[in-house]
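The structure appears below as structure tokens.
No value in this document is a laboratory result; all are computed from the given coordinates. Please read all numbers here as calculations on a predicted model, not as lab measurements. Every residue, glycine among them, receives a Cβ derived from its backbone with ideal geometry; neighbour counts consider all protein chains shown.
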Amino acid sequence: STYGFRELSFMTFPPLDASTNDISMIFSTTKPDSLLIYNFGAQTGGRSDFVALELVGGSAVFSYGGARTAITSVTVSGGKQSLASGEWYKVTATRNGRVISLSIGSCTENGDLCQECKPGDASCYANEIGPAGTLNFNSHPMYVGGLMTADPILERPGQVHSDDFVGCVHSVAVNGRPLNLTSPLRSRGIDPTCSRSSRSLCTGITSNLIPDSSEISSPIQQPVCGLYGSCYDRWNSVSCVCDNSDLVSPNCNDALEPVTLTEGGFIEFKISETHRRMQ
């Protein structure tokens with residue numbers, strides 16, 4: 001089965017091994033900057049031991065570092081195809097002391113069957129050597145798909161580039177053992193199934209009533225973001241960037257209509273937790 005990760009969702013599991021890690025994850029998302037795995041230790045002076053697996057700009061990035069050592073990272077892109085395309089991918093990250101490696105492979109639609117990348121194949125594999133060996137996570141749990149709060153990232157600048165993952169996870173394995181995703185230590189915002197359809201939400205067409213020169217309004221077909229907007233698939237919804245402006249909205253039609261406030265009228269905006277984290 002697969003699990004759906006909503007906005008600001010996460011799971012936690014026991015901490016990773018201090019010296020050797022073999023992490024694999026099969027996932028699907030449209031979020032180019034996504035936190036897949038993050039384990040960190042106690043911070044002092046804005047630094048801590050950590051291991052992180054994430055998507056940055058649609059490429060897979062595996063990194064680790066120590067409280068007193070520099071951050072070592074390795075990156076593998078999907079070539080012309082972003083790993084945030086909504087397709088299924090398997091990413092495998094290993095750390096053996098100072099040596100780390102990262103590989104990716106495409107999977108069938110439901111994530112059951114994945115291609116394996118051969119070590120040394122530059123199109124899907126990369127490795128690196130760093131300074132730190134044994135890491136100390138101070139019994140802090142390993143996070144999958146997000147964080148409870150943004151505090152760990154704010155307290156440890158430069159370790160990861162995102163605090164969230166929105167999409168579906170088929171499976172996660174650590175050191176050859178699949179994690180029981182039905183029984184995390186803690187979780188929030190997890191759906192027991194993946195409700196995502198195989199078609200991007202941006203390929204949908206909406207029917208709008210557009211008055212023509214006649215007396216009768218005629219239904220015509222328009223793209224999701226209207227004729228003058230660019231659509232971005234946000235997995236469970238879309239965002240539209242309307243032409244000739246920096247406006248981001250659910251659409252570029254009704255969202256651009258002015259509103260009128262009479263005397264005593266007001267508009268109240270609810271600041272979401274996602275927006276707070278972005279500040």
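Results, tabulated for the structure shown:
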{"read-out": "Neighbourhood net charge (14 Å Cβ-Cβ; Lys/Arg +1, Asp/Glu -1) for residue 255", "value": "-4"}
{"read-out": "Virtual spin-label span in nm between residue 271 and residue 20, 7 Å along Cα→Cβ", "value": "4.8 nm"}
{"read-out": "Under-5 Å amide H pairs with residue 8, H placed in peptide plane, nonlocal only", "value": "165"}
{"read-out": "Label-point separation, residue 44 to residue 148 (7 Å along Cα→Cβ), nm", "value": "2.3 nm"}
{"read-out": "Estimated FRET transfer efficiency (residue 228, residue 191; beta-carbon r; R0 51 Å; 0.05)", "value": "0.90"}
{"read-out": "Region 253-260 - phi-based ³J(HN,Hα) in whole Hz, Karplus 6.51/-1.76/1.60, Gly and Pro as x", "value": "10, 4, 5, 9, 6, x, 10, 10"}
{"read-out": "Whole-Hz ³J(HN,Hα) from phi, Karplus 6.51 cos²θ - 1.76 cosθ + 1.60, for region 59-73, glycine and proline x", "value": "10, 7, 9, 10, 9, 8, x, x, 4, 10, 10, 6, 7, 10, 9"}
{"read-out": "Candidate lysines - alpha carbon under 30 Å from residue 90, same-chain residues fewer than 8 apart omitted", "value": "31, 80, 118"}
{"read-out": "Sum of side-chain charges, residue 40 neighbourhood, beta-carbon under 14 Å (Lys, Arg +1; Asp, Glu -1)", "value": "-3"}
{"read-out": "Stretchable slack from residue 123 to residue 99, in nm (0.36 nm times residue separation minus alpha-carbon distance)", "value": "6.7 nm"}
{"read-out": "Fraction of the pair-distance distribution of the chain above 25 Å, Cα-Cα pairs, percent", "value": "52 percent"}
{"read-out": "The chain - charge dipole about Cα centre, Lys and Arg +1 at Cβ, Asp and Glu -1, debye rounded to 20", "value": "1120 debye"}
{"read-out": "Rough spin-label spacing in nm, given labels placed 7 Å along Cα→Cβ, for residue 173 and residue 261", "value": "5.8 nm"}
{"read-out": "Neighbourhood net charge (15 Å Cβ-Cβ; Lys/Arg +1, Asp/Glu -1) for residue 179", "value": "+1"}
{"read-out": "The chain: calculated mean residue ellipticity at 222 nm from DSSP helix runs of at least 4, using -39500 (n - 2.57)", "value": "-1000 deg cm²/dmol"}
{"read-out": "Burial order of peptide ranges 184-190, 263-269, 98-104, 26-32 (average beta-carbon count within 10 Å, highest first)", "value": "26-32, 98-104, 184-190, 263-269"}
{"read-out": "Distant-in-sequence amide H partners of residue 135 (H built 1.01 Å from N, under 5 Å)", "value": "19"}
{"read-out": "Efficiency of FRET between residue 80 and residue 236 - r from beta-carbon atoms, R0 41 angstrom, step 0.05", "value": "0.95"}
